[in-house]
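Worksheet: the structure to be examined is printed underneath.
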Amino acid sequence: MSLIFDIEDIPEYDMAIDVKENANHFKQDSVEGSLCQDVLVTGALRKWEQDAFFSGQISAHWSGKCSRCLNPVDIPVKTDISVKFMPQTEFPEAGSDTELSKSDIDVEYYTENKINLSQPVYDQIMLSLPLVNLCGENCRGLCPQCGADLNKGQCACASQESVDPRLAILKTLKEKIK
């Protein structure tokens, strides 16, 4: 079973979905990281007239780099998803203004009578990731002077007090005030 369904095959009652999709199936931006294991999507898909509704859960693993020390970090993702699919009836003209309502945000459109859960699943995974990826709460990061990993120990430049030359005048002022 894949994440693509024909609208005519979807019943009006809940159809159970239990799909394990390969991480390579999703179009990924590998600059920030990538999915590193299969993605498990479970839930229920149902149809009402020409609209389809899916609600369920996603389990995945995201591999990226720590935002402080750049070491590899694996982030488990478990999140809920709820999406409504409607038929694409007309395409807005390029450059035209279209006002969206709050309910339009959770809506996906389908063409050729095919519902594709791939993009909404990937989008929900991305929205579930933390804004800052850390290898641990106490990550000390990299030395701003030499780039040494401070989690592995102090670097030589940490013992030297360095002052930004633009702020050196403030240091002399501080010493005069004492």
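Every read-out reported here was derived from the displayed coordinates using simple, explicitly stated rules and does not represent laboratory data. Please read these numbers as outputs of a predicted model, since none were measured by experiment. Cβ coordinates were reconstructed from backbone atoms using ideal geometry, including for glycine residues, and neighbour counts include every protein chain displayed.
Here are some notes:
- Taking every DSSP helix (H) stretch of at least 4 residues in the chain, weighting each as -39,500 (n - 2.57) and dividing the sum by the residue count yields a mean residue ellipticity at 222 nm of -3500 deg cm²/dmol.
- Counted charge near Ala148, where neighbours are those whose Cβ lies closer than 14 Å (Asp, Glu -1; Lys, Arg +1): +2
- Phi-derived couplings, Karplus 6.51 cos²θ - 1.76 cosθ + 1.60 at θ = phi - 60°, listed residue by residue for the range 78-83: 10, 8, 8, 9, 8, 9 Hz, with x used for Gly and Pro.
- Computed label-point distance, nm, for sites Arg140 and Thr111 using a 7 Å Cα→Cβ extension: 5.5
- Centroid-to-centroid separation of the range 129-159 and the range 5-66 [C-alpha atoms, Å]: 36
- Between the residues Ala168, Leu3, Ser30, the greatest Cα displacement towards the positive end of the dipole of the chain, with unit charges on the Cβ of Lys, Arg, Asp and Glu, is found for Ala168.
- With neighbour counts taken as other beta-carbon atoms within 10 Å, the residues Arg166, Arg68 rank, fewest first, as Arg166, Arg68.
- Calculated Rg and Dmax of the Cα atoms in Å (choose from (1) 21.3, 67; (2) 24.8, 82; (3) 64.2, 198), label: (2)
- Charge tally for Lys84 (other residues, Cβ to Cβ under 9 Å; Lys, Arg +1; Asp, Glu -1): -3.
- Length gained when the stretch Asn71-Ile177 is fully extended (0.36 nm per residue, less Cα-Cα span): 33.8 nm
- Fewest-first ordering of Phe54, Phe26 by other beta carbons within 10 Å of each residue's beta carbon gives Phe26, Phe54.
- Nearby lysines by direct alpha-carbon distance to Lys65 (threshold 26 angstrom, same-chain neighbours under 8 apart not counted): Lys20, Lys27, Lys78, Lys152
- The angle separating the long axis of helix 118-128 from the principal Cα axis of greatest extent in the chain is about 30 degrees.
- Spin-label zone in the range 57-81 - amide nitrogen under 12 Å from a point set 7 Å from the Cα of Lys27 along the C-beta vector: none
- Neighbourhood charge, 12 Å Cβ-Cβ cut-off, centred on Ile115 and excluding it, Lys, Arg +1 and Asp, Glu -1: -2
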